[in-house]
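K.L.:
The structure that follows is given in the form of structure tokens.
Where a number appears in this text, it was derived from the coordinates with a stated rule and is not lab data. Treat the numbers as computed from the prediction; the structure is a model and nothing was measured. Counting neighbours? That spans all protein chains shown, and the Cβs are built from the backbone with ideal geometry, glycine included.
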């Protein structure tokens, strides 16, 4: 009974997300943009590390995104984005996130803005170390395969600056402090692996 209820709640949430995304894709008159960013990411509890990302270990990544401004007002925007990224966490994994997020943007004036977003999606995890399996004959063989299927959730806070906002297809630079949770990482002792990431990138309106 409990399992059925959880599945029902999960399906309802996925249905809501699907409706929002399909509605966004179907509206051809909305403003669309492309984004590209580079980032450093480190394992830490949510909001547990910020300055350390500039002085501690370096786990680099790159992310590309396609965004749609669902609603555009003088001071407020609502948007959705579809993103794919790749990052390398030394000795742990290479991660390939593929996810969607939904966010709110506040415009202080025609150039400066701040935004917040939440998202969820899929992460493909490729272990950075050997993974062995013991066969019946007592011999260990490579069992690394093509990686592991993981789920992920994100929350981000950012700010940016728009160049020539009156242009037909303006561009902007942005910085985002993102929290990412990967699950289930290792069910027995680390079911959720939290990441803190700092991103710097550029957005360019394409329609």
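K.L.:
Do you know the relative contact order of the range 30-205, to the nearest whole percent, from alpha carbon pairs under 8 angstrom that are 6+ apart?
P.N.:
Computed over the range 30-205, the figure is 23 percent.
K.L.:
Could I have the simple spin-label model distance between residue 112 and residue 56, label points 7 Å from Cα toward Cβ, reported in nm to one decimal?
P.N.:
3.0 nm
K.L.:
Quick check on the range 30-205: take the gyration tensor over C-alpha atoms, sort the square-rooted eigenvalues as a ≥ b ≥ c, and tell me if it's rounded (a/c under 1.5), prolate or oblate.
P.N.:
Prolate.
K.L.:
In the range 181-202, whose amide N lies under 17 Å from the spot 7 Å out along Cα-to-Cβ of residue 169? List them in ranges.
P.N.:
Within reach of a label on residue 169, which here means backbone N under 17 Å from a point 7 Å along Cα→Cβ, the range 181-202 contributes 202.
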